[in-house]
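Beneath this line is the structure, given in structure tokens, with notes to follow.
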Amino acid sequence: MKIAVIGAGLMGRAALYDAARAENVEKVGIFDIDEKLAAEVGERFGEGKAVSGRLDAGDENAAAEILSGYDAAVSCVTYRFNSGLTRAAIKAGCHLVDLGGNNDVVKGQLELDADARDAGVIVIPDCGLAPGMVSIMVADAVARMDSVSKVEIRVGGLPQSPRRPLNYQIVFSPEGLINEYWEPCVILEEGRKKTVNPMTGLEQLEFDGIGELEAFYTSGGSSTLPDTFEGKIAFLDYKTIRYPGHCLQFKTMLELGLASRKMIEVDGTMVEPRAVFKAVLENALGFDDPDMILLRVAVEGQKGGAACARTYEIVDRQDSRTGLTAMMRTTAFPAAIIAWMAASGKISERGVKPQELAVEPSQFLPQLKKRGINLVIKG
């Protein structure tokens, strides 16, 4: 089978690494607007199976032409290209997964469900970490219980050794980070969707061997789960994990207006605060220390008339052998796994579907272990 990766950034490299080593994959493609970068990434991570080329992800016709030669593709470019890439994949007859990150974009993709079904392809948005594989874990727990009363999803990407002042380092796009902290968050409360403000709901939690942490509401991590399980799950929420004190410090900067897109005048020049803020974050927090990913999905419900609980937990650290960060592994590997499942016929659904409805957990979850991602399930 043949799998294409669009975007040769950090996530694209990890997706290519995984796809090139997956069972029965004979060819992988890596495409980026920077043709030289794509070639370098293909040479380094493609296991001798890679071809590379230039692609402007905003050019739907060019994308469709390239994707027509592949069974499945992984979009590792920013979410604003995913609607166009969905149309391109449908036109090309190529399965597509993406890393998502924006609820409005996903909503637009879901509206193309009938077109994708008619074309005989499956398109699955939001296939990273969170949004991403946490949805498959929730689906797994729901399938094992008669009813579910509570789902709490907690995920964070952190430096293994925190640095002041924010005890954080940029492990993905600064724009994506700001969006998570800025956009409204959707939860389920009493079985109904409810919008809450980001950076609220602060709580303390612990992971063995790591110590005390904090978690708070951020947007996007629960993806389509509130829509899928409205009226079926009483309570569901998603919070991001950080080292203690991070929420208050970052929230203060947002309240000052540093994430605003409204232009202001500085010494006679019009400046967008958000653009400056992104540059400052990347410059100040762009150090390259080893990272780790913390994940906990806790589900409570009823089975056979008795209370039951099931917990999914991952602590993943940077792989010094390959140079792949924990964020790269736990974000790009799940997307590459799902693309491989689609290409190999392990996903029978067609159309544009949320992964909690399209991906069979019993097929997906064992693949994490094969990649050295230690998922511990209790209950």
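The values are calculated or read from the model by the stated rules, or taken from the named source; none is laboratory data. Note that this is a predicted model, so its numbers are computed, not measured. As a convention, Cβ positions derive from the backbone with ideal geometry for all residues, glycine included, and neighbour counts pool all protein chains shown.
At-a-glance table
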| item | result |
| --- | --- |
| Criterion (in the same structural domain as TYR312 (by TED's automatic domain parsing), over 21 Å from the mean Cα position of the chain (by Cα) and closer than 30 Å to GLN318 by Cα) met by exactly one of GLU206, GLU183, GLU175 | GLU206 |
| Qualifying residues in segment 301-323 (those that are crowded, with 20+ Cβ neighbours inside 10 Å and not hydroxyl-bearing (Ser, Thr, Tyr)) - the one farthest from SER75 (Cα to Cα) | GLY301 |
| Long-range neighbours under 7 Å by Cβ, at least six apart or interchain, first residue farther than 22 Å from ILE338 by Cα within segment 17-44, second in a loop (DSSP other than H, G, I, E, B) and of a type in the set (D, E, K, R) | ILE33/ASP56 |
| Options ALA88, ALA63; residue that is of a type in the set (Gly, Ala, Ser), closer than 26 Å to PRO174 by Cβ and over 20 Å from the mean Cα position of the chain (by Cα) | ALA63 |
| Residue in segment 78-90 that is at pLDDT below 95, assigned to a helix (DSSP H, G or I) and farther than 23 Å from VAL359 by Cα present | yes |
| Residue list for segment 274-306, filter: hydrophobic (A, V, I, L, M, F, W, C), more than 21 Å from the chain's Cα centre (by Cα) and modelled with pLDDT of 95 or more | ALA306 |
| Test: residue in segment 307-328 that is under 30 Å from ARG144 (Cα atoms), of a type in the set (Gly, Ala, Ser) and within 15 Å of the chain's Cα centre (by Cα) | yes |
| Residue among ILE347, ILE338 that is surrounded by 22 or more Cβ atoms within 10 Å (Cβ to Cβ), in contact (Cβ under 8 Å) with a residue 60 or more places away in the chain, assigned to a loop (DSSP other than H, G, I, E, B) and outside the structural domain of LYS239 (by TED's automatic domain parsing) | ILE347 |
| Considering residues of segment 33-53 that are within 24 Å of the chain's Cα centre (by Cα) and surrounded by fewer than 19 Cβ atoms within 10 Å (Cβ to Cβ) only, the residue farthest from PRO125 (Cα to Cα) | ARG44 |
| Members of segment 141-166 that are touching a residue at least 24 places away in the same chain (Cβ under 8 Å) and surrounded by fewer than 17 Cβ atoms within 10 Å (Cβ to Cβ) | ALA143, ARG144, ASP146, SER147, SER149, LYS150, GLN160, SER161, PRO162, ARG163, PRO165 |
| VAL123, sole failed condition from (1) under 29 Å from ALA275 (Cα atoms); (2) assigned to a strand (DSSP E or B); (3) not assigned by TED's automatic domain parsing to the domain that holds VAL280 | (1) |
| Of all residues in segment 212-257 being part of a loop (DSSP other than H, G, I, E, B) and of a type in the set (Ser, Thr, Tyr), the one that is farthest from PRO273 (Cα to Cα) | THR224 |
